[in-house]
1. Is it fair to say residue 47 is out of contact with any strand residue (DSSP E or B) (no Cβ under 6 Å at 6 or more places or on another chain) and surrounded by 19 or more Cβ atoms within 10 Å (Cβ to Cβ)?
2. So which residues in region 55-75 are within 11 Å of residue 110 (Cα to Cα) and either within 22 Å of the chain's Cα centre (by Cα) or touching a residue at least 60 places away in the same chain (Cβ under 8 Å) (or both)?
3. On the given criteria, is residue 17 farther than 22 Å from residue 177 by Cβ, surrounded by fewer than 18 Cβ atoms within 10 Å (Cβ to Cβ) and modelled with pLDDT under 95?
4. For residue 183, work out the one condition from (1) modelled with pLDDT of 70 or more; (2) assigned to a helix (DSSP H, G or I); (3) surrounded by fewer than 18 Cβ atoms within 10 Å (Cβ to Cβ) it doesn't fulfil.
5. Could you list, in sequence order, the residues of region 45-75 that are modelled with pLDDT under 95 and under 30 Å from residue 156 (Cα atoms)?
6. Run down 107, 111, 137, 72 and say which single residue is over 19 Å from residue 43 (Cα atoms), out of contact with any strand residue (DSSP E or B) (no Cβ under 7 Å at 6 or more places or on another chain) and surrounded by 19 or more Cβ atoms within 10 Å (Cβ to Cβ).
7. Would you mind telling me which numbered condition in (1) modelled with pLDDT under 95; (2) closer than 28 Å to residue 182 by Cβ; (3) surrounded by fewer than 18 Cβ atoms within 10 Å (Cβ to Cβ) residue 101 fails?
C-alpha cells in the first residue's frame, strides 16, 4: 500500500513538473532566441545593403558638386566607421549594440546632409543614376525600419518569457535566463535617423 502511494506521489510530482516546465515557457526560450538572432541578422543585412549603395552615390554627387568636399568626406568617413562595427547576433552585448547603433546613426545623419545639399543642384537631381540611387536608398531605409521593428518585437517577446509570470517562474527564477538589450534610440536621434534620407521627387 505504501509502495503504491509512493508511486502515485512520484507520478503526480512528475506530472506537475512537466506541466510547470511546459506551461512556463522554458521550451519557448530557444525559439524566441532564434527569432531575436534572425531579426538582428536582418538589420545587419539591410545596413550593409545601404553601405553598399554609398560609394556610387558619393561618386555621382561628386560629379556635380565636387566642391562640397566636407559633406562628401563626412559620408565616406561615417560609412567606414559604420562598416567597422559589427554585431554578433548570438551574443547581444549592450555595449556592442550601443556602438552599432551610434555608428549607424552617424551614417544616417551624414547621408541626410548629403541629401540636403543635393537640393541645391538641379542637374544632380535630374541625373537618372542619382535618382535611381535615391530610390534604392529610400527602399533600403524602409526595410531597415521594418527590420528594426521586428527586432524590437522579438526582443520584447523574449524578455516577456523571462520577466512576466508564469513563464518568469522557470525562466527567470529557476534557470536564470537574463533579459536581452532592447534597441533604444533617443527621440532626437530617432527623428534625425528616420527623416534624414527622405526622398522627394519633383512632379
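The values are calculated or read from the model by the stated rules, or taken from the named source; none is laboratory data. Given the structure is predicted, the values throughout are model-derived calculations rather than measurements. No Cβ is skipped: glycine too gets one built from the backbone with ideal geometry, and neighbour counts run over all protein chains shown.
1. Criteria met by residue 47.
2. Looking only at region 55-75, we keep the residues that are within 11 Å of residue 110 (Cα to Cα), and these are 70-75.
Correct list: 75 only.
3. no
4. With respect to (1) modelled with pLDDT of 70 or more; (2) assigned to a helix (DSSP H, G or I); (3) surrounded by fewer than 18 Cβ atoms within 10 Å (Cβ to Cβ), residue 183 is out only on (2).
5. none
6. 72
7. Residue 101 satisfies all of (1) modelled with pLDDT under 95; (2) closer than 28 Å to residue 182 by Cβ; (3) surrounded by fewer than 18 Cβ atoms within 10 Å (Cβ to Cβ) except (3).
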